[in-house]
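This report refers to the structure that appears directly beneath it.
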Amino acid sequence: MILPDSDKPMGRPPLGMKPTTIRLSTDMIHRIEALVGNRRLALFIREAVENELQRRENPRAPEDQNHL
């Protein structure tokens, strides 16, 4: 019987991400690509979602706008 050299599975390690489908208007996609380039769309969306999650999970008291 031939044993493997390693106990680790072959190939890339899991990235801890699950693919999902979202629907965006073509206009929105063009606007994002104009800002970040057409190869950075997924990264932009991941960052936007992370920022929004942080904002909603850690709400701050409304800032007093009278002290301007």
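In table form, for the structure just shown:
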| quantity | calculated |
| --- | --- |
| ILE32 vs. criteria β-branched (Val, Ile, Thr) and either open to solvent by less than 100 Å² (accessible area, probe 1.4 Å) or at pLDDT 75 or above (or both) | yes |
| Pairs with Cβ under 7 Å, 6+ apart, first in the stretch 39-68 and at negative phi, second exposed (fewer than 10 other Cβ atoms within 10 Å of the Cβ) and modelled with pLDDT of 95 or more | none |
| Residues of the stretch 1-29 classified as surrounded by 10 or more Cβ atoms within 10 Å (Cβ to Cβ) and either in a loop (DSSP other than H, G, I, E, B) or aromatic (Phe, Trp, Tyr) (or both), total | 1 |
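The values are calculated or read from the model by the stated rules, or taken from the named source; none is laboratory data. Small disclaimer: the values here were computed from a predicted structure and weren't measured. Don't worry about glycine lacking a Cβ; one is built from the backbone with ideal geometry, like all the others, and counts go over all protein chains shown. When the accessible area is computed, the model is the full protein with side chains, heavy atoms only, and any ligands, DNA or RNA have been set aside. Shrake-Rupley method; radii C 1.70, N 1.55, O 1.52, S 1.80 Å.
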